[in-house]
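Some notes on the structure that comes next.
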Amino acid sequence: MADATSPMVTTAWLAEHLNDPKVKIIEVESDPEGAAYDSGHIPGAIRWFWKDLCWHDTDREFVTPETLAKRLGGCGVAADDTLVLYGDPVQYGNYAFWALKMAGHKDLRLLDGSRKKWVADGHAMTHDVPSTTPVDYTPGATDHSMRLGRDDVRAHLGDAGRFLLDVRSPEEYSGERVMEYGKFDHGAERGGRIPGAKHLFFRELLNDDDTYKNPEELAAILKGIGADPDKVNEIVCYCRLSHRATLAWTAMHFILGWPNVKIYDGSWTEWGSIVGFPVEK
């Protein structure tokens, strides 16, 4: 199996384990219709739309261990399987990793570089949809230690020991837009940023092929803007819906091994619409 100390796996590792019955693969998509998956996917990969996998059926809340057990068990994933996630785009795999970690799946892995790196390395893609057989899945334990809510963020605005990191695009950070791209600009009632937040566009953490930059580069980039665990007690990341924030969380928590890195999961979609919450431009 992969190195138990790291959730990151390479395309070469995954290619070698495609026929391992204890390794399951999920492609997490931004498109509910699954166009990217239908155009070709990693052999054996199961498709999930991100909300259907990561969220409560109706509430704006994350999947519970009990519901995750039904979803994963229903598509043939057992509680002791190594589950490899990759996204389209890349941040959706990271987001699912974060959500499923909170819901207690024990052996979660992220494909470094996601779909883009897999294709670039010349590995096979397929249109075949794998058949699955439901299995029993014993729910794990909830762990919300890596997330924060809006009240906690507001209560600690200006605290010297907390570094607030905004990883949205420059246009979102400045308040010019509330959504990174697209014809429509929606997702919050106001533009701007949480007061005191420093900016780092999430793409600066990645290479062109969507793999993470090496640890030395990551540390230099993050410390260069003040996100330094030797100088602050806690780092809190956010974006618009927290997808991109999970890329920064993964880099700091797992690749660099920094403690006390968390995500404000409501992110700008919530903060930018709450009556009475302060906004900076």
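Of all the options Ser39, Ser242, Ser30, the one that moves most in a Gaussian network model of the chain with Cα springs shorter than 10 angstrom is Ser39.
Between Trp258 and His253, the built amide H atoms are under 5 Å apart, and every one of these is 5 or more places off in sequence or on another chain. Projecting the Cα positions of Pro139, Thr67, Ala160 onto the charge dipole of the chain (unit charges on Cβ atoms of Lys, Arg, Asp and Glu, taken about the Cα centre) puts Ala160 furthest along the positive direction. Dimensions of the range 90-189 based on its C-alpha atoms, expressed as ranges along the principal axes with the largest first, amount to 50, 38, 25 Å.
What is the order of Tyr137, Tyr212, Tyr86, fewest Cβ neighbours within 10 Å to most? Provide the component values of the computation, followed by the final result.
Values: Tyr137 23, Tyr212 20, Tyr86 31.
In order of increasing Cβ crowding within 10 Å: Tyr212, Tyr137, Tyr86.
Normalised by residue count, the range 8-120 yields a Cα convex hull volume of 92 Å³ per residue.
Sort the range 133-237 into rounded, prolate or oblate with this rule: let a ≥ b ≥ c be the square roots of the eigenvalues of the Cα gyration tensor; rounded if a/c is under 1.5, and if a/c is not under 1.5, prolate when a/b is larger than b/c, oblate otherwise.
Values: a/c = 1.26, a/b = 1.19, b/c = 1.06.
It comes out rounded by the Cα gyration axes.
The ranking of Phe201, Phe97 from fewest to most other beta carbons within 10 Å of each one's beta carbon is Phe201, Phe97.
Placing unit charges on C-beta atoms (Lys and Arg positive, Asp and Glu negative, everything else neutral), compute the dipole magnitude of the chain about its Cα centre in debye, rounded to 20.
540 debye
For His41, His17, His127, what's the fewest-to-most ordering of other Cβ within 10 Å of each Cβ? Each step should come with its number before you reach the end.
Values: His41 25, His17 19, His127 9.
Ranked by crowding around the Cβ, least crowded first: His127, His17, His41.
Full extension of the segment from Asp228 to Arg154, taken as 0.36 nm per residue of separation minus the current Cα-Cα distance, would add 24.5 nm. In terms of Cα atoms, the Rg and Dmax of the chain work out to 18.5, 54 Å.
Annotation: amide H-H contacts under 5 Å for Leu148 (H modelled 1.01 Å from N, sequence separation of 5 or more, or interchain): Ile263, Tyr264, Asp265. Which shape class applies to the range 178-260: rounded if a/c is under 1.5, otherwise prolate when a/b exceeds b/c and oblate if not, where a ≥ b ≥ c are the square roots of the Cα gyration tensor eigenvalues? Verdict is oblate for the range 178-260.
For n ≥ 4 DSSP H runs only, could you compute -39500 (n - 2.57) per run for the chain, divide by its residues and tell me the 222 nm figure to the nearest 500? Kindly include the intermediate steps, with their values, before the conclusion.
Working: 11 runs with 79 residues, N = 281.
That calculation yields -7000 deg cm²/dmol at 222 nm.
Using R0 = 30 Å, the C-beta based FRET efficiency linking Asn207 and Glu16 works out to 0.85. Here the Karplus curve 6.51 cos²θ - 1.76 cosθ + 1.60, taken at θ = phi - 60°, turns the phi angles of the range 25-41 into couplings of 10, 10, 8, 9, 10, 7, 9, x, 7, x, 4, 5, 4, 5, 7, x, 8 Hz, with x standing for Gly and Pro.
Going by average Cβ neighbours within 10 Å, how do the peptides 110-123, 66-79 rank, with the highest at the top?
Values: 110-123: 19.9, 66-79: 18.4.
For the peptides 110-123, 66-79, the packing ranking is 110-123, 66-79.
Applying 0.36 nm per residue to the separation of Glu66 and Glu217 and subtracting their alpha-carbon distance, the gain on full extension is 50.4 nm.
Sorting check: for 243-254, 189-200, which peptide has the highest mean count of neighbouring beta carbons within 10 Å, and how do the rest follow?
On the way: 243-254: 24.8, 189-200: 17.4.
Ranked from most to least packed, the peptides come out as 243-254, 189-200.
Label the range 178-226 by shape, choosing from rounded, prolate and oblate, from the square roots a ≥ b ≥ c of the eigenvalues of the Cα gyration tensor; if a/c is under 1.5 it is rounded, and otherwise prolate applies when a/b is larger than b/c, oblate when it is not. Provide the component values of the computation, followed by the final result.
Details: a/c = 5.29, a/b = 1.56, b/c = 3.38.
Judged from the Cα gyration tensor, the range 178-226 comes out oblate (a/c at least 1.5, b/c at or above a/b).
Each value in this text was obtained by applying a stated rule to the coordinates, not by laboratory testing. Fair warning: this is a prediction, and the values are worked out from it, not measured in the lab. Don't worry about glycine lacking a Cβ; one is built from the backbone with ideal geometry, like all the others, and counts go over all protein chains shown.
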